[in-house]
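Chemist: Take a look at this one; I'll ask things after.
The values are calculated or read from the model by the stated rules, or taken from the named source; none is laboratory data. Bear in mind that the values here come from a model prediction, so they are computed numbers and not experimental data. Neighbour counts are summed over all protein chains in view; Cβ atoms, including those assigned to glycine, are modelled from backbone coordinates with ideal geometry.
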Amino acid sequence: MQQIVNIFTELVQINSVSGKENDFAEYITYWLQSNKFSYKIDSVGNIFADNQIKGRPILLCAHMDTVQPGEKIKPIVQKGMIKSKGNTILGADNKAAIAAIIQAISLHNNRHLELLFTVKEETGGGIEFFPFEWIKSKQALIFDSANPLGGIILHSPFIINFHLTIKGKAVHASKPKEGLNALTYALQFINQIKTGSLDKDKTTINIGKISGGNGVNIVPELVIYSGEIRSYNKDLFQKHLDKIKTIHTPHSKQPITINFTTDGYCPGYTHKKTDKFVEAINQLYKSVGLKTHYYYQSGISDANILNAKGFQTINLTDGTKNPHTTQEEISVQDLKMLSMIIISCINNL
């Protein structure tokens, strides 16, 4: 199956950083036409395809974009590993999955398949805008988790970013009583927010960015800080969000101005080991000689949105190592096995 190595190394050399997927999309649409898929492209660039074979369909989804540094990638195959020259990422996230899908379909295009190739998965602004009514499949598979092959992602968190702007009054530092120190108030609020790992590791809260002040001799008028909440439990997620909102709700006696906003919301999901689809994948792994491992994934993928839209979507591991770094790599053996897994999915799920 040297062909899949050739496919993969060709794919990663096509630039497709988030928001600039056009060249890669052109490759995909040419391949779809060559393999008798009909396809449609939505308003933001997501590509949906259907081979129009009769029978119950299943959706295979992968994202076309990569993170930076992801331009002019030069893949190297050495001692059974595929990596970049070292000054860029490799792009195995998510092009290993795309190469495996292409290889699998070239060998087994014998059942009703729907394909979804998305844009801006790494940054947001892609699958969220997809017209989901195009999809007829009830179940979907994504291969977008950098863990050893044989893994099933059972849980992915609810996530939201929060942003606070505290505005006081600036004066010369020699006359602090005439001003309103925004930093003093900001620290009072921040100290009421529990951060780190919470709820027996079901939740994490982080305040990761703080800025403000104009000089050491000026009482700071403006302080801005931002953080995020991640939780595998929807009720816990909402409880923490409500508490942080309450902490920052302006009171009549507060002389400062508080502006609280959120963005970047992504729904979480939970699958059970006993779900029929999950168990079918477990049996499929056994049939190809892999031991199944179950994961909580702290990050998100297109599976979060698809599950929220009512499509039972399982994210499976892809064998990639060190994604989003210049040390990213995947073994030739894992790339070949990933294709075999997808072939088995096509034939048996």
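Chemist: Filter the range 162-179 down to residues that are touching a Gly at 6+ places or on another chain (Cβ under 7 Å) and part of a loop (DSSP other than H, G, I, E, B) and give me whichever is nearest to Gly227 (Cα to Cα).
Modeler: Gly168
Chemist: Scan the range 240-257 and give yes if some residue there is farther than 30 Å from Pro75 by Cα and under 24 Å from the mean Cα position of the chain (by Cα), otherwise no.
Modeler: Yes, some residue in the range 240-257 is farther than 30 Å from Pro75 by Cα and under 24 Å from the mean Cα position of the chain (by Cα).
Chemist: So, one more: Take Ser301 and tell me if it is under 17 Å from Ser145 (Cβ atoms) and of a type outside the set (A, V, I, L, M).
Modeler: Against the criterion (under 17 Å from Ser145 (Cβ atoms) and of a type outside the set (A, V, I, L, M)), Ser301 qualifies.
Chemist: Any residue at all in the range 60-76 that is free of Cβ contacts under 8 Å to residues at least 40 places away in the same chain and either over 24 Å from Ile135 (Cβ atoms) or in contact with a His (Cβ under 7 Å, 6 or more places away or on another chain) (or both)?
Modeler: Yes: the range 60-76 contains one or more residues that are free of Cβ contacts under 8 Å to residues at least 40 places away in the same chain and either over 24 Å from Ile135 (Cβ atoms) or in contact with a His (Cβ under 7 Å, 6 or more places away or on another chain) (or both).
Chemist: Grab the strands (runs of 3 or more DSSP E) fully contained in the range 205-321, keeping just those with 3 or more residues being over 27 Å from Leu115 (Cβ atoms) and small (Gly, Ala, Ser).
Modeler: Result: 222-231.
Chemist: Listed residues Asn46, Asn109, Asn87; which is polar (S, T, N, Q), farther than 18 Å from Ile127 by Cα and at pLDDT 95 or above?
Modeler: Being polar (S, T, N, Q), farther than 18 Å from Ile127 by Cα and at pLDDT 95 or above holds for just one of Asn46, Asn109, Asn87, which is Asn87.
Chemist: Determine whether Gly70 is in contact with a helix residue (DSSP H, G or I) (Cβ under 7 Å, 6 or more places away or on another chain) and surrounded by 15 or more Cβ atoms within 10 Å (Cβ to Cβ).
Modeler: Criteria not met by Gly70.
Chemist: Evaluate the range 273-285: report whether one residue or more is over 30 Å from Asn347 (Cβ atoms) and touching a His at 6+ places or on another chain (Cβ under 8 Å).
Modeler: no
Chemist: Please work out which residue is surrounded by the most Cβ atoms within 10 Å (Cβ to Cβ), limiting yourself to the range 188-225 and to residues that are of a type in the set (Asp, Glu) and farther than 24 Å from Lys169 by Cα.
Modeler: Going through the qualifying residues, I end up with Asp199.
Chemist: Take the residues in the range 240-274 that are charged (D, E, K, R) and under 26 Å from Thr184 (Cα atoms); name whichever of them is modelled with the lowest pLDDT.
Modeler: Lys253
Chemist: Taking the residues in the range 328-344 that are small (Gly, Ala, Ser) and under 21 Å from His108 (Cβ atoms) as candidates, determine which candidate is surrounded by the most Cβ atoms within 10 Å (Cβ to Cβ).
Modeler: Among them, the one singled out is Ser339.
Chemist: Any residue at all in the range 133-151 that is over 24 Å from Asp93 (Cα atoms), in contact with a helix residue (DSSP H, G or I) (Cβ under 8 Å, 6 or more places away or on another chain) and touching a residue at least 12 places away in the same chain (Cβ under 8 Å)?
Modeler: So far as the range 133-151 goes, no, none of its residues is over 24 Å from Asp93 (Cα atoms), in contact with a helix residue (DSSP H, G or I) (Cβ under 8 Å, 6 or more places away or on another chain) and touching a residue at least 12 places away in the same chain (Cβ under 8 Å).
Chemist: In the range 40-100, which strands (runs of 3 or more DSSP E) lie fully inside it and hold 2 or more residues that are more than 19 Å from Ile341 (Cβ to Cβ) and assigned by TED's automatic domain parsing to the domain that holds Phe129?
Modeler: The qualifying strands (runs of 3 or more DSSP E) are 47-50, 75-78, 81-84.
Chemist: Name the single residue that is surrounded by the most Cβ atoms within 10 Å (Cβ to Cβ) among those in the range 159-187 being more than 38 Å from the chain's Cα centre (by Cα), closer than 13 Å to Ile256 by Cα and of a type outside the set (A, V, I, L, M, F, W, C).
Modeler: Step by step, filter the range 159-187, then rank; the result is Asn181.
Chemist: How many residues are of a type in the set (Phe, Trp, Tyr), in contact with a helix residue (DSSP H, G or I) (Cβ under 9 Å, 6 or more places away or on another chain) and under 27 Å from Ile135 (Cβ atoms) when one looks only at the range 255-307?
Modeler: Number of matching residues: 3.
Chemist: Sticking with this one: Look at the range 180-195 and say how many of its residues are more than 16 Å from Tyr225 (Cα to Cα) and free of Cβ contacts under 8 Å to residues at least 40 places away in the same chain.
Modeler: Residues meeting the conditions: 0.
Chemist: Any residue at all in the range 229-250 that's of a type in the set (Phe, Trp, Tyr), closer than 15 Å to Ile159 by Cα, crowded, with 16+ Cβ neighbours inside 10 Å and in contact (Cβ under 8 Å) with a residue 60 or more places away in the chain?
Modeler: yes
Chemist: Let me ask something else about it. Would you mind finding the one in Asn15, Asn35 that is of a type in the set (S, T, N, Q), assigned by TED's automatic domain parsing to the domain that holds Ile142 and over 23 Å from Ile127 (Cα atoms)?
Modeler: Asn35
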